[in-house]
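Written out below as structure tokens is the structure these notes cover.
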Amino acid sequence: MAQAQHTLTLASLEEAITVLFCLVDDTYALLNPKCQSHESLKKLSDSEVLTLALFQQLRGVESERSFLRDVQRFFVHLFPGVAGTHPSSLHRRVRRLRSYLEPLRRAVVADLIGDPETLVVDSTLLEVLHPREVSQSAGFEGAAWVRWGSFSVYGLKLHLICSLKRVPVSYELTSANTPEVLLVEELLDEAMLDGATARKLFGDLAYRSGALGKELAGRNVLLATERAERRPAVRQQVEVCFAALKRVFGMDDTLAKTLVGLATRIVAKIAAYTYGCYVNRLLGRPQGHIKELWA
């Protein structure tokens, strides 16, 4: 019985990988019409590399070496070109194609969230170096110290707007000491999907600003900020989204050594989270149950 269950799980995972590749391949062909020009010279096509980048994050594996070992052992029949591929080679290909990760994600966001009438905005801190490591290193470009509760954190801040279905709509990575109110209008501009925009935006007290409220009112957007005890339940959706990105995708525990490397991983993780929800939806599974299928 255990063997049958394992076979069933593996078959479901292979189906999900196939769906993921088809989605990526179709969208990438539209984003880069010239992508087929040199494909015959590559062991792995660009679509396969992008699919592997998302698959790695969905599996929750930070090390390219460990991830490639798993793919070569269990999924080489799906990605024949992965045989003999060195981790550094895959890493370089992903970095070269990283600019397509967000456009790929944006292609499916509108279908996932529907009408973005009400959105939720929040931010979270990402520690990039432990405090005792800061003085021993050259630092981390773009990172800064910020007070968080009773201690200080050296890192960056991720600002994010998500839908009530816990799907990231737009996001920005900034220095940890960047005030939340400075990013709201930019995030809203990026959150416009097919010309649609939010009419109500929920945020915590960090977003309470008379000037910001007036600016958003001029755009016909109501900014709602409440204390913790008075926050509506919908406000928790962005916190659930952050929890999933950190717990399932390890967003606050990457192996990045540079700002470019960290940004690439963050973009890949958010894209993988979005596609994980989308594939679940296409397969008739609960949208937010990502780890159960891909782990």
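The values are calculated or read from the model by the stated rules, or taken from the named source; none is laboratory data. None of these values were measured; they are calculated from a predicted model. Reconstructed Cβ throughout: ideal geometry from the backbone, glycine too, with neighbour counts over all protein chains shown. To get the accessible areas, we keep the full protein, side chains included, count just its heavy atoms, and leave off ligands, DNA and RNA. Shrake-Rupley method; radii C 1.70, N 1.55, O 1.52, S 1.80 Å.
Annotations
- Among residues of the range 248-284, those that are part of a helix (DSSP H, G or I), within 13 Å of residue 128 (Cα to Cα) and either open to solvent by less than 50 Å² (accessible area, probe 1.4 Å) or in contact with a strand residue (DSSP E or B) (Cβ under 9 Å, 6 or more places away or on another chain) (or both), counted: 6
- Checklist (1) open to solvent by less than 30 Å² (accessible area, probe 1.4 Å); (2) under 14 Å from the mean Cα position of the chain (by Cα) applied to residue 225, failing item: (2)
Here is a yes/no grid of residues against (1) touching an Asp or Glu at 6+ places or on another chain (Cβ under 7 Å); (2) part of a strand (DSSP E or B); (3) at pLDDT 90 or above:
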position: 160; (1), (2), (3): yes, yes, yes
position: 170; (1), (2), (3): yes, yes, yes
position: 178; (1), (2), (3): no, no, no
position: 181; (1), (2), (3): no, no, yes
position: 187; (1), (2), (3): yes, no, yes
position: 206; (1), (2), (3): yes, no, no
position: 211; (1), (2), (3): no, no, yes
position: 215; (1), (2), (3): yes, no, yes
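- Filtered residues of the range 54-95 (kept if more than 17 Å from the chain's Cα centre (by Cα), hydrophobic (A, V, I, L, M, F, W, C) and in a helix (DSSP H, G or I)): 67, 68, 71, 74, 82, 90
- Among the residues here, residue 215 qualifies as more than 19 Å from the chain's Cα centre (by Cα) and either of a type in the set (D, E, K, R) or open to solvent by less than 10 Å² (accessible area, probe 1.4 Å) (or both).
- The set of residues from the range 98-131 being of a type outside the set (A, V, I, L, M), part of a helix (DSSP H, G or I) and within 17 Å of the chain's Cα centre (by Cα) comprises 98, 99, 100, 102, 103, 105, 106, 111.
- Only one entry in 15, 102 is surrounded by fewer than 16 Cβ atoms within 10 Å (Cβ to Cβ), in contact (Cβ under 8 Å) with a residue 40 or more places away in the chain and within 23 Å of residue 277 (Cβ to Cβ), namely 15.
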